[in-house]
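Undergrad: The structure follows.
The values are calculated or read from the model by the stated rules, or taken from the named source; none is laboratory data. A quick note: this is a predicted structure, and the numbers were derived from the prediction, not measured. Don't worry about glycine lacking a Cβ; one is built from the backbone with ideal geometry, like all the others, and counts go over all protein chains shown.
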Amino acid sequence: MLPRNPTNHQHSTTGIYNSRNPGMHLPSRARLACCVITLFAFPLMARAADWQPLIAQLSGKISAATGPGVIALDITNRSTISAADVEAIRRELTSSLANSGVRVWQPEQAAGIVKITLSESLQNYVWVAEVQLGVNEHPVVIVSMPRPESATNAQNAPPLALRTTTLLSQADPILDVVIIEGSPRRMLVLGVSAITPYEFRDSRWIAGSPLAITHERPLPRDIRGRLVLRKDHLFDAYLPGLVCHSTNAAPLGVNCAHSDDPWPLQTEEPHVSAFYAPARNFFTGALVPGIGQQKSAPPFYSAASVPREKYALWIFVGVDGQLRLLDGINQQSLPKIHWGSDITSIHAPCRAGSQVLATSSENGSTDIIQAFEFPDREPVAVSQKLELNGSVTALWTAENGEAATLVFHDADKGDYEAVLLNFACGQ
Amino acid sequence: MRRFCSILLVVSSLWPALAPGATRPHYGGSLRVAAKETPASLDPASLAVSGPIGLSRLVFETLVTLDDRGQTQPGLATSWQAEPGNQRWRFQLRSGVSFHDGTILTGNAVSASLRAANPNWKILPAGDAVVIETDSADQGVPAGLALDRNGIVHRVGAKISGTGPFSVAHWDPAKHLTLRANDQYWGGRPFLDSIEVDFGKDYREQLALLDLGKVDVIQITPENIHRAQAEGRTIIISEPSKLMALVFPQEAKSEDETRARAALGMSIDTVAINNVVLQGGGTATGALLPNWLTGYAFTFPSGGGADDARHERMQIRHPPAWTLGYDSSDPISRVIAERILLNARDVGITLQLSTSGPTDLRLVRIALASEEPQVALMELAKDLNLPAPEFSNSSASLYAAEGSLLQTHRVIPLVHLRSAVALHPIVRDWVILPNGACSVENVWLSPEKP
């Protein structure tokens with residue numbers, strides 16, 4: 001989430017392109033600690049971009065055009081550079097020009113004026129200086145520097161009950177993430193073409209060798225996947241029409257095969273699985289072994305269970321947008337509830353029962369997460385809304401059942417952000 | 001640059017019924033589109049093929065694509081590398097890709113396709129790769145391969161086939177096109193089952209079809225964008241990108257003529273043309289490439305300097321009288337041509353409008369071919385029959401190259417026009433690229449009634 005230093009994103013001059021590596025934004029120890037001990041959603045840090053290279057270039061070109069003397073500066077900002085940065089640029093540029101023998105003074109006492117426009121294009125910051133010394137010639141000098149792909153700004157967020165911990169940020173889609181507690185902590189990241197193991201060492205997640213997912217048939221659009229830890233081997237990975245089992249022998253590997261095996265909806269007892277449409281982005285509705293007497297539901301995107309004393313209430317988000325409740329005997333629709341396609345359930349340690357995390361969108365472009373409980377058959381919100389800067393692409397219950405793995409596609413950066421979502425009890 | 005944080009916790013009421021949204025894409029349905037264009041061919045080699053919604057990209061894919069920042073990304077090629085000197089490039093092809101007719105994508109097929117579109121390149125198959133050799137060092141080869149005309153085609157007689165997410169199910173030239181989802185598409189089957197495009201519909205017809213619920217997507221002309229927004233329609237608008245300009249087919253034959261062309265450029269009130277005639281549907285400009293693409297377009301003066309124009313005109317001994325051509329089927333072009341005529345007359349330059357035969361200058365609209373500025377300028381120069389610009393990889397160099405093209409006085413930029421489409425509310429994830437092209441492959445139709 002940190003803004004990238006523009007100087008780190010110079011144009012490649014090697015004439016080579018290879019598919020992007022999944023670059024990670026790894027949380028620092030301080031940042032992780034911050035996530036744990038504070039109530040802020042993200043311990044965001046922002047710092048001003050480093051404009052020095054561009055200032056030095058522009059200063060050099062201006063002083064070459066004017067020669068030593070006194071000029072006036074007129075700076076106009078036509079870019080996304082902040083007002084504070086513009087002031088900093090003005091100061092630095094004035095200082096840099098002075099070092100070259102060009103003093104900046106009031107227009108009426110200057111030999112000429114240099115009109116600078118801080119502009120930008122799709123890819124670059126473009127600074128244009130029009131040097132007006134004489135009547136006829138107004139030479140234009142231009143310097144440029146690649147813009148960072150995105151930058152973020154820290155904002156204070158009010159204390160809230162929902163808490164997020166950043167796990168991973170990368171350009172390639174993240175379908176699911178599981179954390180394996182131990183020493184060291186490990187993490188498995190399910191992508192479209194590989195499962196990548198990570199280890200938490202030296203306050204960083206260190207990526208291991210990716211385990212390639214092989215398949216013959218094209219995978220569908222809006223691809224989804226699920227990682228499930230197993231007792232007799234490390235994990236299974238479920239993708240549309242494909243199941244991958246990890247090997248038992250070292251080094252860790254995976255064997256993938258076409259399969260229509262149902263995906264686990266719930267890894268805790270009682271186990272319930274559902275068949276996933278291999279060329280689509282939803283579950284067919286067929287349940288294994290079923291919920292009580294009910295062996296199927298209408299096709300659905302996601303499901304969450306709320307355990308009761310003698311049964312479990314299941315909530316399904318249908319492909320038709322309808323929210324449905326199945327209790328093992330009856331099916332009930334909730335036509336007035338308009339949730340998004342992704343829901344899941346977690347248990348807050350400080351509360352009885354389970355909470356359902358549901359997505360929604362208020363503006364159509366960014367999604368919101370909110371937690372609900374079902375005291376009876378109607379959802380009651382139990383958290384405030386968590387607004388994401390993008391759309392949710394995956395929401396699954398984490399292994400311990402007390403957290404959820406959330407992946408969203410950042411609308412500004414274009415990256416996929418995986419976060420762990422749980423409750424800050426008592427706060 | 002600072003932006004807002006990625007996750008913002010919002011204090012709000014605890015209300016159980018959240019607003020609708022956050023819905024995963026739905027598979028199925030047919031998207032119905034009405035368009036003004038009347039393409040006679042679907043072959044990417046035909047410049048008209050791009051059509052209103054980026055049809056070419058749906059059927060014919062390129063080795064390289066450009067993302068929304070104009071950066072090259074893998075397409076049918078997964079990686080590429082230049083040998084020192086940037087004259088010989090090797091593109092590694094994606095494996096497991098087939099044309100719609102079942103033919104496997106190979107180096108031979110790609111070479112044959114690219115040769116047809118680039119006769120000046122030496123293109124050789126190399127197993128599962130393709131090698132391209134250019135006459136001179138060319139860093140822009142990958143970005144150039146992202147142009148629509150470099151879509152990879154498999155030709156068998158008169159039949160053409162692509163590898164894209166949709167295949168052609170029915171084609172009635174200039175009238176109707178039916179595209180069907182490619183279930184075997186390497187990038188995943190599209191959400192839509194099919195796309196139906198009706199060509200040759202003027203704006204009023206399109207609007208009526210949309211209002212009657214008979215189509216889901218129509219084109220909005222720049223001058224109607226403001227009105228469509230005021231009517232509350234769902235509109236998606238591009239950056240100002242399509243260049244409206246006056247073009248002289250010949251070089252100026254005398255110093256007087258050069259001065260007269262400069263005076264004509266100064267005389268035209270481009271701001272009034274944009275604000276009044278086009279209802280703010282673009283941006284007045286003096287540059288060939290739009291500012292969002294280069295960052296320096298504002299440095300080129302954009303007309304409206306009647307006093308300067310008169311001063312320039314006073315220095316002309318033998319003022320020319322020109323004929324100005326325009327597209328007679330476009331009423332807005334006529335209005336703009338008439339305004340130009342009046343502006344020119346005000347400073348003593350004689351113009352006469354003409355809709356037939358060769359003319360001394362012509363009012364044209366030229367689409368931005370690429371979101372990579374150097375490729376865009378090269379293509380623009382080619383379209384205008386101007387000398388190929390030369391530049392290195394810097395904004396200053398691009399600025400100098402564009403300045404040189406303008407100094408030929410063969411083209412007078414007027415306005416960069418926006419492109420826009422109006423959508424039925426059930427259409428989701430329609431993306432319009434900054435250059436006005438549309439990205440449709442991820443579109444889906446909501447089952448919910450608006």
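Undergrad: Looking at the range B:211-223, which of its residues are buried (at least 22 other Cβ atoms within 10 Å of the Cβ) and either assigned to a helix (DSSP H, G or I) or assigned by TED's automatic domain parsing to the domain that holds B:Phe99 (or both)?
TA: B:Pro222
Undergrad: Out of the residues in the range A:174-191 that are assigned to a loop (DSSP other than H, G, I, E, B) and at pLDDT 95 or above, state the one that is surrounded by the fewest Cβ atoms within 10 Å (Cβ to Cβ).
TA: Checking each candidate, the answer is A:Gly191.
Undergrad: Right, next: When you go through A:Ala352, A:Ala381 one by one, which is the residue that is more than 10 Å from every other protein chain (Cβ to nearest Cβ), farther than 30 Å from A:Leu188 by Cβ and free of Cβ contacts under 8 Å to residues at least 12 places away in the same chain?
TA: A:Ala352 is the lone residue from the list that is more than 10 Å from every other protein chain (Cβ to nearest Cβ), farther than 30 Å from A:Leu188 by Cβ and free of Cβ contacts under 8 Å to residues at least 12 places away in the same chain.
Undergrad: Also: Does B:Gly96 fit the bill of being touching a Pro at 6+ places or on another chain (Cβ under 9 Å), within 14 Å of chain A (Cβ to nearest Cβ) and on the phi > 0 side of the Ramachandran plot?
TA: Considered against the rule, which asks whether it is touching a Pro at 6+ places or on another chain (Cβ under 9 Å), within 14 Å of chain A (Cβ to nearest Cβ) and on the phi > 0 side of the Ramachandran plot, B:Gly96 comes out as yes.
Undergrad: Given the condition assigned to a helix (DSSP H, G or I), within 21 Å of the chain's Cα centre (by Cα) and surrounded by 16 or more Cβ atoms within 10 Å (Cβ to Cβ), answer yes or no: does some residue in the range B:303-323 qualify?
TA: Scanning the range B:303-323 turns up no residue that is assigned to a helix (DSSP H, G or I), within 21 Å of the chain's Cα centre (by Cα) and surrounded by 16 or more Cβ atoms within 10 Å (Cβ to Cβ).
Undergrad: Which residues, counting only those in the range B:190-200, are crowded, with 20+ Cβ neighbours inside 10 Å and within 14 Å of chain A (Cβ to nearest Cβ)?
TA: Answer for the range B:190-200, where residues must be crowded, with 20+ Cβ neighbours inside 10 Å and within 14 Å of chain A (Cβ to nearest Cβ): B:Pro190, B:Phe191, B:Leu192.
Undergrad: Continuing with this model, one more query. It is to be established whether one or more residues within the range B:377-399 are in a helix (DSSP H, G or I) and either surrounded by fewer than 15 Cβ atoms within 10 Å (Cβ to Cβ) or aromatic (Phe, Trp, Tyr) (or both).
TA: yes
Undergrad: Go over the candidates B:Leu9, B:Leu18 one by one and state the one that is at pLDDT below 85, within 14 Å of another protein chain (Cβ to nearest Cβ) and part of a strand (DSSP E or B).
TA: After applying the criteria, what remains is B:Leu9.
Undergrad: Residues of the range B:400-427 being part of a loop (DSSP other than H, G, I, E, B), of a type outside the set (D, E, K, R) and in contact with a strand residue (DSSP E or B) (Cβ under 8 Å, 6 or more places away or on another chain), which ones?
TA: B:Ser419, B:His424, B:Pro425, B:Ile426, listed by residue number.
Undergrad: Now, a different point. Those residues that are in a helix (DSSP H, G or I) and either buried (at least 17 other Cβ atoms within 10 Å of the Cβ) or of a type in the set (Val, Ile, Thr) (or both), I need them from the range B:230-270; list them, please.
TA: Once the filter is applied, which keeps residues that are in a helix (DSSP H, G or I) and either buried (at least 17 other Cβ atoms within 10 Å of the Cβ) or of a type in the set (Val, Ile, Thr) (or both), the range B:230-270 yields B:Glu257, B:Thr258, B:Arg259, B:Ala260, B:Arg261, B:Ala262, B:Ala263, B:Leu264, B:Gly265, B:Met266, B:Ser267, B:Thr270.
Undergrad: Same structure, new question: Quick one: A:Ile329 ticks every box in (1) of a type in the set (Val, Ile, Thr); (2) surrounded by 15 or more Cβ atoms within 10 Å (Cβ to Cβ); (3) out of contact with any Phe, Trp or Tyr (no Cβ under 8 Å at 6 or more places or on another chain) except a single one, so which number is it?
TA: (2)
Undergrad: Among the residues of the range A:66-90, how many are in contact (Cβ under 8 Å) with a residue 40 or more places away in the chain and within 18 Å of A:Pro146 (Cβ to Cβ)?
TA: 4
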